[in-house]
Protein chains: 2
Amino acid sequence: MTIEIRADNLAKQGLIMVMTGDGKGKTTAAFGQALRALGHGYRVCIIQFMKGRLYGEVLAIQKYLPDIDLYQYGLDSFVMRDNPAPVDVELARQGLEKAKEVIASGKYDMIILDEINVAMDFKLIPEDDVLALLENKPAEMDIILTGRYATPRILEIADMVSEVREIKHHYSAGVRNQAGIEY
Amino acid sequence: MTIEIRADNLAKQGLIMVMTGDGKGKTTAAFGQALRALGHGYRVCIIQFMKGRLYGEVLAIQKYLPDIDLYQYGLDSFVMRDNPAPVDVELARQGLEKAKEVIASGKYDMIILDEINVAMDFKLIPEDDVLALLENKPAEMDIILTGRYATPRILEIADMVSEVREIKHHYSAGVRNQAGIEY
């Protein structure tokens, strides 16, 4: 008797992946990962914390990628780290509720929680709640967390962590924010 | 007389951006940047060096994003660093020629040269030729170079450099390559 084990028969191993650090490329890496996953038929959901603006990537998803579901929980303004407005806390709380809902729904293979690291660092949402969510995720589901300031416990639970470091930035040379580059 | 200068009337400042380092997220960040740019109406072209495979991101572009032009110059096999096959050198040379052609064509606002840093490090293409290409690019055009081993002269000419550092990787835990994650 021959037992043949083929790698593509193995169950998918869902991963917790973190993109953190002070450099440019965390959110774009997550969206690029969404595109890669979509190409292989993954069902992808993106939840953005602290963002409420029609970024280029959001416009592109609206126009071209109806198969990706995207939810924003934030205003089109910066949240103050030491003194967030009640509305910022409330929106982040709603984002976390949506994350719980979509993770439990079984409708998705990959879920991106964009800027959730910052939402935790700013104390908009409790780190414990996010950790509980990650600990109880379905085994085959991938979850990607982005944003600066990923906490030590998030780094600990993650399977993959990339730190995007700023080596050089055009802001230092006086180049302003530009559509298509920063947003 | 009042002279009003509005930021959105200023000419676009094209940037040379580099995603390098040993961590996961360089190519996906470039593709996410392409998506962001596309959302704002940029005309985007992607040239992949040393890659000849239907990665998820390539499949997704074929299926959903016909407005992005993508060219691959490589085989579906690894190039040996110290002993590249003549075909690897020839394909990389063709990729560089294509890059010259699309940069000169005026048809694109953003051009992504995926893995070109590795192609230079492996001596498949001359660094001098890439530098000349970057020095003579149209002022408003963005060019993104990805791949490990970006050379000091590439880092010098770049406006923006992010280093993606591997903090933790699931390969260490024995998780294999998976469609939708690595390719």
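Values in this text are rule-based calculations from the coordinates and carry no lab data. The model shown is predicted, which means the values in this text are computed figures rather than measured ones. All Cβ positions, glycine included, derive from the backbone under ideal geometry; neighbour counts span all protein chains shown.
For the range B:19-28, the criterion of being surrounded by fewer than 22 Cβ atoms within 10 Å (Cβ to Cβ), in contact (Cβ under 8 Å) with a residue 40 or more places away in the chain and over 26 Å from A:Val18 (Cα atoms) is met by no residue.
Just name the residue that is surrounded by the fewest Cβ atoms within 10 Å (Cβ to Cβ) out of those in the range B:44-75 that are in contact (Cβ under 8 Å) with a residue 60 or more places away in the chain and farther than 18 Å from B:Asp121 by Cα.
B:Arg53
When the test is whether a residue is surrounded by fewer than 22 Cβ atoms within 10 Å (Cβ to Cβ) and more than 14 Å from chain B (Cβ to nearest Cβ), A:Val89 passes it. For residues that are farther than 18 Å from B:Ile167 by Cβ, over 11 Å from the mean Cα position of the chain (by Cα) and facing chain A (nearest Cβ under 8 Å), tally how many sit in the range B:14-35. Qualifying residue count, the range B:14-35: 3. Counting only residues that are touching a Phe, Trp or Tyr at 6+ places or on another chain (Cβ under 9 Å) and buried (at least 24 other Cβ atoms within 10 Å of the Cβ), which one in the range B:126-156 is farthest from A:His169 (Cα to Cα)? Ranking the candidates gives B:Gly147 first. Taken as a whole, the structure leaves A:Tyr108 outside the set of residues that are of a type in the set (Ser, Thr, Tyr), surrounded by 17 or more Cβ atoms within 10 Å (Cβ to Cβ), within 17 Å of the chain's Cα centre (by Cα) and more than 14 Å from chain B (Cβ to nearest Cβ). Of the residues making up the range A:169-183, those that are at the interface with chain B (Cβ under 7 Å from one of its Cβ atoms) and out of contact with any helix residue (DSSP H, G or I) (no Cβ under 7 Å at 6 or more places or on another chain) number 6. Do we find that B:Ala179 is out of contact with any strand residue (DSSP E or B) (no Cβ under 8 Å at 6 or more places or on another chain), of a type in the set (Gly, Ala, Ser), surrounded by 16 or more Cβ atoms within 10 Å (Cβ to Cβ) and not in a helix (DSSP H, G or I) in this structure? Yes: the conditions hold for B:Ala179.
Out of B:Glu115, B:Glu97, B:Glu101, which single residue is among the acidic types (Asp, Glu) and either within 16 Å of B:Arg148 (Cα to Cα) or in contact with a helix residue (DSSP H, G or I) (Cβ under 8 Å, 6 or more places away or on another chain) (or both)? Among B:Glu115, B:Glu97, B:Glu101, only B:Glu115 is among the acidic types (Asp, Glu) and either within 16 Å of B:Arg148 (Cα to Cα) or in contact with a helix residue (DSSP H, G or I) (Cβ under 8 Å, 6 or more places away or on another chain) (or both).
Within the range A:143-183, restricting attention to residues that are small (Gly, Ala, Ser) and more than 22 Å from the chain's Cα centre (by Cα), which residue is nearest to A:Leu15 (Cα to Cα)?
Of the residues in the range A:143-183, the ones small (Gly, Ala, Ser) are A:147, A:150, A:158, A:162, A:172-174, A:179-180.
Within this subset, residues satisfying the condition of being more than 22 Å from the chain's Cα centre (by Cα) are A:172-174.
Working: A:Ser172: 36, A:Ala173: 38, A:Gly174: 39 Å.
Ranking the candidates gives A:Ser172 first.
Residue check: A:Leu134 meets all listed conditions (1) within 23 Å of B:Glu163 (Cα to Cα); (2) away from every other protein chain (no Cβ under 14 Å) but one, namely (1).
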